[in-house]
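See below for the structure under consideration.
The values are calculated or read from the model by the stated rules, or taken from the named source; none is laboratory data. Computed from a predicted structure; not experimentally measured. When we count neighbours, we look across all protein chains shown, and the Cβ atoms used for this are built from the backbone with ideal geometry, even at glycine.
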C-alpha cells in the first residue's frame, strides 16, 4: 500500500505527520510528473490507476482526478501546454505502448487514445514543440519515434534498430540527434540522426565496455557524461565529446569506488554530483574534462540512492535509504556540509523537487510517498 504522507520538520529527527493520501502502489521514478506551478502531481500505477493530486496546500493534499489503468507507468511526460499527459507501460504490447491522457480539466481526465508497440519501456522524451515522442525500447532493442501532433491519432513515424538492449535516450539541443545507451556487457553510446524522423539513421557509436546506467548531457549538447557499471562492483565516469557527431571521442574518464546510483551536473557545468551508494556524495571537478578528479566527498548516514540539485545550485537533496533525506549545502564545493537530515520510518529510494522548490517528495522502498516542506529548511 502506497500512502502520501505530509511531514512538518521543525525537528528533523522527529518529523510530524500532517496528513496522508493512500495511493496503494509503488511508483517508478519516471512514473510521476508535476505541473510547472507545482500545484498538481500526476501519478500512475497498475493498482491505483492514473491520479491527479492537488498539492497546493502541503497539509491538505487531495486526489482530484482518476482513471482506471491496468499497468504500471515507467515513463510519463507532461505536454508543454500542460493539457496532456503521455505515459508508457513497463511492458509494451499490441494495444498499449504510449497513451495520451487529456488533463485540461484535472477533475475529469480521460484517455484520448493509445498506440501499441512492444518491448520493455523505461522512459519517454518529448520534443520541445510537444509534437514528437521518443521512446526507447529494450527487448525490441530500438528507438520509437512517434507523431503525437494529433493525440487522437498517434502514429509511429520511424524506428531505429539499436545494436542491443536500449535503456535510455536524450536529445541534442537542436533535436537533430538522439543519443541512446545500451545496457549489455558490450555497451555503446549510439548517435542517431533524427533530422528525418521517418528514417532515423546511425551516425556513429562509441564503445563503453560495460553496461551504461546513467547518462546526462551538457547544456550546449557538446558533451555527454556516462556512468558505467564495472564487473568489479565499482563504477566509471566517461566524458565524451560529441561536438562532431560523426567522430565522438573520449575526453576523459574517472574510476569511482563503489556503485553510482544517480548523477547530476552543476548549474555552471564545472562539477558532477554523484550519489555513491554507501559512500555518500562525491563531487567531481570537470573544469578540465581531460583530467576529472574527486574534488570532495561527504559520507551520509545511509545509502545514497538518488539525488537532485536545487535550481540555484546551493543544495543537493539525497534520498539516503535508512538515512532518510539528506540536504547537503554545496555552495562551497570544497567543503560540502549536511545542512539538515530528516529521518523517516521507511527506507528512502527516490527524491523529487518540483520547480517551485517549496517541497520535496520522498519515495520509499515499501510504497510510501512522503512530502516535506522545504520552506522550513531556511
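Residues in the stretch 277-288 that are buried (at least 19 other Cβ atoms within 10 Å of the Cβ) and outside any strand (DSSP E or B) were compared, and the one that is nearest to the chain's Cα centre (by Cα) is 280. Could you please let me know if residue 52 is modelled with pLDDT of 80 or more, surrounded by fewer than 19 Cβ atoms within 10 Å (Cβ to Cβ), part of a strand (DSSP E or B) and touching a strand residue (DSSP E or B) at 6+ places or on another chain (Cβ under 6 Å)? Taking the combined requirement at face value, the residue does not satisfy it. Exactly one residue out of 86, 66 is at pLDDT 80 or above and surrounded by fewer than 20 Cβ atoms within 10 Å (Cβ to Cβ): that is 66. For the stretch 140-157, the set of residues classified as surrounded by fewer than 23 Cβ atoms within 10 Å (Cβ to Cβ) and over 20 Å from residue 179 (Cβ atoms) consists of 147, 149, 150, 151, 152, 153, 154, 155, 156, listed by residue number. Has the stretch 262-276 got at least one residue that is more than 20 Å from the chain's Cα centre (by Cα) and surrounded by 17 or more Cβ atoms within 10 Å (Cβ to Cβ)? Checked against the condition, which is being more than 20 Å from the chain's Cα centre (by Cα) and surrounded by 17 or more Cβ atoms within 10 Å (Cβ to Cβ), the stretch 262-276 yields no hits at all. Would the stretch 304-325 turn up any residue that is part of a strand (DSSP E or B) and touching a helix residue (DSSP H, G or I) at 6+ places or on another chain (Cβ under 8 Å)? Within the stretch 304-325, one or more residues are part of a strand (DSSP E or B) and touching a helix residue (DSSP H, G or I) at 6+ places or on another chain (Cβ under 8 Å).
From the list 88, 163, the one residue that fits, being under 30 Å from residue 222 (Cβ atoms) and outside any strand (DSSP E or B), is 163.
Table: residues versus (1) part of a strand (DSSP E or B); (2) modelled with pLDDT of 90 or more; (3) in contact with a strand residue (DSSP E or B) (Cβ under 9 Å, 6 or more places away or on another chain); (4) within 17 Å of residue 274 (Cβ to Cβ).
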{"position": "344", "(1), (2), (3), (4)": "no, no, yes, no"}
{"position": "350", "(1), (2), (3), (4)": "yes, no, yes, yes"}
{"position": "360", "(1), (2), (3), (4)": "yes, no, yes, no"}
{"position": "369", "(1), (2), (3), (4)": "yes, no, yes, no"}
